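Here's the structure, in structure tokens; my notes come after.
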Amino acid sequence: MEPRLNFFGNPFAGKVLKHINSAAKVASESGVPTATQELVKIRASQINGCGFCTDMHTKDATAAGETQQRLNLVAAWREATVFTDAERAALELSEQGTRIADAAGGVTDEAWANAAKYYDEDQLIALLSLIAIINAYNRINVINQQPAGSYQPGQFG
């Protein structure tokens, strides 16, 4: 599989990515645990069928100390006993925020209230931002048919 264009090597795309990455960096410094951030990104990427981002974030999570068992169970998080209630709330928010077109009402009040039990306002803003950003990256990579499998942790800085 070859990408449709060299998005990561294109100077104009680099300008776009610079701004997306700046927003992602701010959101990542919110106090939301790194493990939770990676789980949110992995789940959205799975839903969107983005192999590149799924590869990237599972490898980054592993490099940050995440266990293989938990990574194996992200897609089945509702049935898994290895996630905290706070992580479950973030995963639910990620799913509903990613599947926004599938639900006429978007994210439910129940999912929002559950997340608000575990995260303060800045952290909720960070989670919303991370969900929006990973969905943007998923769309860039899926549209471009960016191949998965070759990412190395820390590759992009």
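The values are calculated or read from the model by the stated rules, or taken from the named source; none is laboratory data. It should be emphasised that the depicted structure is a prediction, and the values quoted were computed from it without experimental measurement. As a convention, Cβ positions derive from the backbone with ideal geometry for all residues, glycine included, and neighbour counts pool all protein chains shown. Heads up: the accessible areas ignore ligands, DNA and RNA and are worked out on the full protein's heavy atoms, side chains in. Shrake-Rupley method; radii C 1.70, N 1.55, O 1.52, S 1.80 Å.
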Residue by residue through the stretch 110-120, which ³J(HN,Hα) values in whole Hz follow from phi under the Karplus form 6.51 cos²θ - 1.76 cosθ + 1.60 (θ = phi - 60°), with glycine and proline marked x?
5, 5, 5, 4, 5, 5, 5, 5, 10, 10, 6
Accessible area per residue of the stretch 25-70 at 1.4 Å probe, in Å²?
41 Å²
Computed [θ] at 222 nm, helices only, for the chain once each DSSP H run of length n ≥ 4 contributes -39500 (n - 2.57)
-20500 deg cm²/dmol
In percent, how large is the relative contact order of the stretch 6-143, given Cα pairs closer than 8 Å and 6 or more residues apart?
36 percent
Summing +1 per Lys or Arg and -1 per Asp or Glu among the other residues with Cβ less than 15 Å from N144's Cβ gives 0
Measuring with a 1.4 Å probe in the full set of protein chains, what accessible area per residue, in whole Å², belongs to the stretch 118-157?
53 Å²
Rounded to the nearest 10 Å², the accessible area of L39 using a 1.4 Å probe with every protein chain kept is 0 Å²
Between helix 85-98 and the chain, what is the angle of the helix's C-alpha long axis to the longest principal axis, kept within 0 to 90° and rounded to the nearest 10?
50 degrees
Which order do you get for Y118, Y137, Y151 if you rank them by accessible area with a 1.4 Å probe, largest at the top?
Y118, Y137, Y151
Evaluated at q = 0.12, 0.19, 0.21 Å⁻¹: base-10 log I(q)/I(0), Debye formula over Cα of the chain:
-0.50, -1.27, -1.52
When every protein chain stays in place and a 1.4 Å probe is rolled, I125, I143, I42 sorted by accessible area with the largest first are I143, I125, I42
Env charge @ V107, Cβ radius under 11 Å, K,R +1 / D,E -1, value -3
Run the numbers on the stretch 83-157 and let me know its relative contact order in percent, using alpha-carbon pairs under 8 Å that are six or more apart.
29 percent
Which order do you get for M56, M1 if you rank them by accessible area with a 1.4 Å probe, largest at the top?
M1, M56
When we measure straight from the Cα of K59, which lysines land under 19 angstrom away, once same-chain ones fewer than 8 places off are left out?
K25, K41
Could you work out what % of the accessible surface of the stretch 45-157 is carbon and sulfur, using a 1.4 angstrom probe and leaving DNA, RNA and ligands out of the count?
54 percent
